[in-house]
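Heads up, the thing below is written out as structure tokens.
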Amino acid sequence: MTATLESVRSRSFAFILGSPRGGGNTEALARYAAEGLPSDAATGWLSLSELPLPARPSGPLLDGPEKVLLDATLDSTDIVLASPLHWYSVSAATKLYLDYWARWSGLPDVGFRERMRGKNLWAVTAYARGDDTDTEPLTGMLRRTADYLDMHWRGALLARAHGAGDLEADLPALARAAEFFDLTD
């Protein structure tokens, strides 16, 4: 099935940046991939290091970073988790953000589960050592998260890059990035 022009134009991508530092290889890989999106696809970039979430949320929905992240998550058709590989999984900030999905599911009048149904979940990750098989815990967790919420798991863009300039020298990774966001289904 191919996407209609209307469905492509109505796409909005929330790029959730989970690295503890800005401008790293994972963010660069996500930005390369975003260049392949249609010009009329809306994109928003949110850094979890700039929108810190309390480790132990309680009570009603908080203003500030929590509200910003909830709104971006619910208002987007596509959520892109851009997290470097940390101990075979997502970064601590990304894991905390996903923990908030459980919190938001339990809040009255949010309708989180219902509003997440049918959205697309993508992953972008750079890793320093090993190979793509080392990312299986990360991709497995995210795929299961998508399944649990009746979202569409769209896959992971992976690249091995440790130091500055590693990603730019990896022409096959940049080619994969350019074609990562396939909006035809």
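The values are calculated or read from the model by the stated rules, or taken from the named source; none is laboratory data. Since we're looking at a predicted model, the values are computed, not measured. FYI the Cβ positions are ideal-geometry reconstructions off the backbone, even for glycines, and counts take in every protein chain you see. Quick note on the areas: whole protein, heavy atoms, side chains included, nothing else; ligands and nucleic acids left out. Shrake-Rupley method; radii C 1.70, N 1.55, O 1.52, S 1.80 Å.
If you take the residues in segment 160-174 that are among the hydrophobic types (A, V, I, L, M, F, W, C) and farther than 20 Å from Ser83 by Cβ, which one is most open to solvent (accessible area, probe 1.4 Å)?
Out of the qualifying residues, it is Leu171.
For the structure I just gave you, tell me whether Leu37 is under 22 Å from Glu114 (Cα atoms) and either over 15 Å from the mean Cα position of the chain (by Cα) or touching a residue at least 24 places away in the same chain (Cβ under 8 Å) (or both).
No.
Please identify the pairs in which a residue from segment 139-168 that is at positive phi has its Cβ atom under 7 Å from the Cβ atom of a residue that is open to solvent by 30 Å² or more (accessible area, probe 1.4 Å) and in a helix (DSSP H, G or I), counting only partners at least 6 apart or on another chain.
Correct list of pairs: empty, since none qualify.
Within segment 89-106, count every residue that is assigned to a loop (DSSP other than H, G, I, E, B) and open to solvent by 30 Å² or more (accessible area, probe 1.4 Å).
Residues of segment 89-106 that are assigned to a loop (DSSP other than H, G, I, E, B), as a first pass: 90-91.
From what is left, the residues that are open to solvent by 30 Å² or more (accessible area, probe 1.4 Å) are none.
Count: 0.
Hey, Thr77 hits all of (1) out of contact with any strand residue (DSSP E or B) (no Cβ under 7 Å at 6 or more places or on another chain); (2) farther than 18 Å from Gly18 by Cα but one; which does it fall short on?
For Thr77, the failing item is (1).
Please determine, by comparing only the residues of segment 107-121 that are open to solvent by less than 20 Å² (accessible area, probe 1.4 Å) and among the hydrophobic types (A, V, I, L, M, F, W, C), which one is farthest from the chain's Cα centre (by Cα).
Phe112
Restricted to segment 32-74, and to residues that are acidic (Asp, Glu) and more than 29 Å from Leu171 (Cβ to Cβ), which residue is least open to solvent (accessible area, probe 1.4 Å)?
Glu66
Hey, Leu29 hits all of (1) more than 18 Å from Lys119 (Cβ to Cβ); (2) open to solvent by 10 Å² or more (accessible area, probe 1.4 Å) but one; which does it fall short on?
(2)
Restricting segment 20-40 to residues that are modelled with pLDDT of 95 or more and part of a loop (DSSP other than H, G, I, E, B), which is farthest from Arg160 (Cα to Cα)?
Here the answer is Leu37.
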